[in-house]
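Scroll down for the structure; my scribbles are underneath it.
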Amino acid sequence: MRISLETLASRIDARFGAKVERVPSTCGELGYILAKNDLIPVATALRDEDDFSFEQLIDVCGVDYLTYGTDEWTTTSATGSGFSRGVERRPVILDESDTFADRRFAVVYHLLSIRNNVRVRLRVYTGTENPPIVPSVVDVWNSANWFEREAFDLFGILFDGHPDLRRILTDYGFIGHPFRKDFPLSGNVEVRYDPEKGRVAYQPVTIEPRTLVPKVIRDDNRYAPDLKDGSKNG
Amino acid sequence: MAEIQSYTMNFGPQHPAAHGVLRLILEMEGEVIQRADPHVGLLHRATEKLAESKPYSQSIGYMDRLDYVSMMCNEHSYVLAIEKLLGIVPPLRAQYIRVMFDEITRVLNHLMWLGAHGLDIGAMTMFLYCFREREDLMDCYEAVSGTRMHATYYRPGGVFRDLPDSMPKYQPSKWRSQKRVDALNAIREGSLLDFIDAFTAKFPGCVDQYETLLTDNRIWKQRTVNIAVVSPERALQLGFTGPMLRGSGVEWDLRRKQPYEVYERMDFDIPVGVNGDCYDRYLVRVEEMRQSNRIIKQCVDWLRANPGPVMIDDHKVVAPARIEMKDDMESLIHHFKLFTEGYCVPAGEAYAAVEHPKGEFGIYLISDGANKPYRVKIRAAGFAHLSAISEMVVGHMLADVVAVIGTQDIVFGEVDR
């Protein structure tokens, strides 16, 4: 039986109230932000209660909001000099005492209810802690195991209570968390065969990072909300 | 008598039955597996990070290379996510073409799976039979996109071009006489739709052939019945989707339950298993090939009767025709902007999932309003399935590991991304 998103939204509002904050969506999806301390109780309720019965955790995904909304096309300063293809990146050396911006890292959970045929998205921000940490949902949905290992590997987000938090996708002995936005696309080290030493050797990358198409944000008025309701050519 | 100690065995990453680059650390007690620890990531290419550094359209080709035996279904999910954010809907004919090629892709994938699965557990002939039919479907890919595998055929707003009126043909060579070439080309004389139509007519007979070889085969049943039984509750808990979930008896198919494109107009059945073992998953997939064949046939009939555009007419997203650029300033500007900068997608987030041959393949897209995606997360079915392999093989013999890898239909392009 399929329930509508609005039915689900009203049930969630009635059940969790101020614990969850709805995220506005432009494409008919239901998403909520919640505090990380509420994650386990809310997740358990979403799985077990008949109103929700989200039997499946489809996906867990780390997100790094470091460069959200900033573009690489520095039009004002580059007008006189022309555009450089290389976008300069400074190496990031993290100190143990460093903290992150409050909303830098997030973990996004996609849930699916087979019984109600509906999806919902939960987002949890990790806060300022270094390293970022959120509670693990492995005990609620066993499928979270590898997804959380992946988020740990790629973003360095720790999952409290995970039974086996090891790297999963990167190489044995890899240093750093490659999907963080301050990790360069070309990486930090490259590998080559050293004939003198007779083995594979690591060295700093020799490729200069280049941006072929700069990231640019344009305000496209076609998508402005007040223009979308038919008063476009008014 | 000496006591037999449990020992650790390394399986893969270079092993023909590992379906690519799977490394399994197996703790064995004699022939029986106590624990399995899969090591993946040997094919990790950071597709998601690469996609985040390029304009939207340039990453469609990366999607083909994820699950490289079901190329267009991967593209489909990515393209759907972009369309969802842009708020555009492709023309009806494009939707039918997509559904038709999704199903062709499903047959391609299942043939590859059946051939490899058969080969793994001792049925060499299956591999040859399956590749015979795969060849024809690869020709459809070639006819429509120019490549046999990595098509990049689906685009936001439709498909790259309409179905061609002619098929690529075989040429005579040292190894193939004119007479044999004529026989091969006989089916390729008409348009692509004629070719696909002829394929759908003969394909159920081919599936009968496969089933004659396997379904009641004693060896096949000994290797698959009661191997790696997964209960429906565990299947849900472990994040199984697609044939893995249906094999356990849960009737769940996104094409029917959350239809996208024109699937709600299609007439097809969802096969489900009873016992949740390797044999049931085999039966489910074989029946899916028959159902896909039905869907392809329905699409062919509709596409024959209904010509029309296959791409939306919005040059903020879709490049204008080459001929228009010759004397239309605006088209030239659109073309220049699209190929230097791409289009900006309104800020927001979207999750688009398709019923991929292997399960639910989803793309989670976060846009901050730029011409590049801010975050792309690929939800690959194989990743969730492989994470359950330890639970599925414990207590089975070493040789059954191969059957379980086969039944999961693992492709490392999508597991490692």
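Only one of the listed residues (A:Arg166, A:Arg210, A:Arg218) is charged (D, E, K, R) and either under 30 Å from A:Val138 (Cβ atoms) or modelled with pLDDT of 85 or more (or both). That residue is A:Arg166. Taken as a whole, the stretch B:27-47 holds at least one residue that is touching a strand residue (DSSP E or B) at 6+ places or on another chain (Cβ under 7 Å), open to solvent by less than 50 Å² (accessible area, probe 1.4 Å), under 19 Å from B:Tyr154 (Cα atoms) and within 14 Å of chain A (Cβ to nearest Cβ).
Filtered by the rule that a residue be surrounded by 12 or more Cβ atoms within 10 Å (Cβ to Cβ) and either aromatic (Phe, Trp, Tyr) or in contact with a Cys (Cβ under 6 Å, 6 or more places away or on another chain) (or both), the stretch B:167-187 gives a lone residue, B:Tyr170. Only a single item in (1) crowded, with 18+ Cβ neighbours inside 10 Å; (2) at pLDDT below 90 is not met by B:Asp314, and it is number (1).
For the stretch B:241-260, the condition of being open to solvent by less than 40 Å² (accessible area, probe 1.4 Å) and farther than 30 Å from B:Tyr96 by Cα holds for at least one residue. For the stretch B:299-307, the criterion of a residue being within 18 Å of B:Leu338 (Cβ to Cβ), open to solvent by 20 Å² or more (accessible area, probe 1.4 Å) and without any contact (Cβ under 8 Å) to a residue 12 or more places away in the chain is satisfied by no position.
Of the conditions (1) surrounded by fewer than 16 Cβ atoms within 10 Å (Cβ to Cβ); (2) under 20 Å from B:Asn371 (Cβ atoms); (3) modelled with pLDDT under 85, A:Trp73 satisfies every one except a single condition; which number is it? Result: A:Trp73 fails condition (1) only. Residue pairs whose Cβ atoms lie under 6 Å apart, separated by 6 or more positions or on different chains, with the first residue in the stretch B:207-221 and of a type in the set (Val, Ile, Thr) and the second assigned to a helix (DSSP H, G or I) and open to solvent by 20 Å² or more (accessible area, probe 1.4 Å), are B:Val207/B:Arg290.
Picking from residues in the stretch A:193-202 that are open to solvent by 40 Å² or more (accessible area, probe 1.4 Å) and in contact with a strand residue (DSSP E or B) (Cβ under 6 Å, 6 or more places away or on another chain), the one that is nearest to B:Arg375 (Cα to Cα) is A:Tyr202.
Tell me whether the stretch A:118-134 contains one or more residues that are part of a loop (DSSP other than H, G, I, E, B) and within 14 Å of another protein chain (Cβ to nearest Cβ). Within the stretch A:118-134 (the criterion being part of a loop (DSSP other than H, G, I, E, B) and within 14 Å of another protein chain (Cβ to nearest Cβ)), the answer is no, since none of the residues qualifies.
Considering the stretch A:10-49, the residues that are among the small types (Gly, Ala, Ser) and at pLDDT 85 or above include one that is most open to solvent (accessible area, probe 1.4 Å), namely A:Ala14.
Is there a residue being at pLDDT 85 or above, away from chain B (no Cβ under 12 Å) and not in a helix (DSSP H, G or I) anywhere in the stretch A:79-87? The answer is no, given that none of the residues of the stretch A:79-87 is at pLDDT 85 or above, away from chain B (no Cβ under 12 Å) and not in a helix (DSSP H, G or I). Within the stretch B:228-277, the only residue that satisfies the criterion of being farther than 23 Å from B:Val99 by Cβ, more than 12 Å from chain A (Cβ to nearest Cβ) and part of a helix (DSSP H, G or I) is B:Gly247. The single condition from (1) open to solvent by 50 Å² or more (accessible area, probe 1.4 Å); (2) more than 10 Å from chain A (Cβ to nearest Cβ); (3) assigned to a loop (DSSP other than H, G, I, E, B) that B:Pro320 fails is (1).
Counting the residues of the stretch A:165-188 that are more than 17 Å from the chain's Cα centre (by Cα), on the phi > 0 side of the Ramachandran plot and open to solvent by less than 40 Å² (accessible area, probe 1.4 Å) gives 1. For the stretch B:106-148, a residue qualifies if it is in a helix (DSSP H, G or I), touching a Gly at 6+ places or on another chain (Cβ under 7 Å) and touching a residue at least 24 places away in the same chain (Cβ under 8 Å), and the qualifying residues are B:Ala116, B:His117, B:Asp120, B:Met126, B:Cys130. Contact annotation: residue pairs with Cβ atoms under 6 Å, 6 or more positions apart or on different chains, pairing a residue in the stretch B:159-171 that is within 18 Å of B:Asp313 (Cα to Cα) with a partner that is surrounded by 14 or more Cβ atoms within 10 Å (Cβ to Cβ) and of a type in the set (Gly, Ala, Ser), are B:Val159/B:Ala94. For A:Thr7, the conditions (1) at pLDDT below 90; (2) in contact with a Lys or Arg (Cβ under 8 Å, 6 or more places away or on another chain); (3) open to solvent by less than 60 Å² (accessible area, probe 1.4 Å) are fulfilled apart from (2). Limited to the stretch B:347-363, what total is found for residues that are open to solvent by less than 10 Å² (accessible area, probe 1.4 Å), more than 7 Å from chain A (Cβ to nearest Cβ) and over 21 Å from B:Met289 (Cα atoms)? Qualifying residue count, the stretch B:347-363: 2.
Yes or no, residue by residue, for (1) touching a residue at least 12 places away in the same chain (Cβ under 8 Å); (2) within 22 Å of B:Gln298 (Cα to Cα); (3) open to solvent by less than 10 Å² (accessible area, probe 1.4 Å); (4) not hydrophobic (A, V, I, L, M, F, W, C):
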| site | (1), (2), (3), (4) |
| --- | --- |
| B:Tyr56 | yes, no, yes, yes |
| B:Gly61 | yes, no, no, yes |
| B:Arg65 | yes, no, no, yes |
| B:Tyr68 | yes, no, no, yes |
| B:Met72 | yes, yes, yes, no |
| B:Pro91 | yes, yes, no, yes |
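Looking at the stretch B:364-417 only, could you name the residues that are facing chain A (nearest Cβ under 10 Å), open to solvent by less than 10 Å² (accessible area, probe 1.4 Å) and of a type in the set (Ser, Thr, Tyr)? Those that are facing chain A (nearest Cβ under 10 Å), open to solvent by less than 10 Å² (accessible area, probe 1.4 Å) and of a type in the set (Ser, Thr, Tyr): B:Tyr364, B:Ser367, B:Tyr374. Looking across the stretch A:22-44, the residues that are within 13 Å of chain B (Cβ to nearest Cβ) and part of a loop (DSSP other than H, G, I, E, B) come down to A:Pro24, A:Ser25, A:Thr26, A:Cys27, A:Gly28, A:Glu29, A:Leu30. Taking A:Ile114, is it open to solvent by 10 Å² or more (accessible area, probe 1.4 Å) and at the interface with another protein chain (Cβ under 10 Å from one of its Cβ atoms)? Criteria met by A:Ile114. Among the residues of the stretch A:1-27, what is the count of those that are within 21 Å of A:Leu39 (Cβ to Cβ) and either in contact (Cβ under 8 Å) with a residue 24 or more places away in the chain or among the β-branched types (Val, Ile, Thr) (or both)? Counting residues in the stretch A:1-27 that are within 21 Å of A:Leu39 (Cβ to Cβ) and either in contact (Cβ under 8 Å) with a residue 24 or more places away in the chain or among the β-branched types (Val, Ile, Thr) (or both) gives 7. Could you please let me know if B:Ile333 is modelled with pLDDT of 90 or more, of a type outside the set (D, E, K, R) and open to solvent by 40 Å² or more (accessible area, probe 1.4 Å)? Yes: the conditions hold for B:Ile333. For B:Ala201, the conditions (1) modelled with pLDDT of 90 or more; (2) closer than 24 Å to B:His117 by Cβ; (3) open to solvent by 70 Å² or more (accessible area, probe 1.4 Å) are fulfilled apart from (2). A search for C-beta distances below 8 Å between a residue of the stretch B:329-344 that is more than 10 Å from chain A (Cβ to nearest Cβ) and any residue that is among the basic types (Lys, Arg) and surrounded by fewer than 18 Cβ atoms within 10 Å (Cβ to Cβ), counting only pairs 6+ apart in sequence or on different chains, returns B:His334/B:Lys316.
The values are calculated or read from the model by the stated rules, or taken from the named source; none is laboratory data. Here the structure is a predicted model, which means the values were calculated and not measured. Cβ: placed from backbone, ideal geometry, glycine included. Neighbour counts: every protein chain shown. For the accessible areas, the whole protein counts, side chains as well, though only heavy atoms, and no ligand, DNA or RNA atoms are used. Shrake-Rupley method; radii C 1.70, N 1.55, O 1.52, S 1.80 Å.
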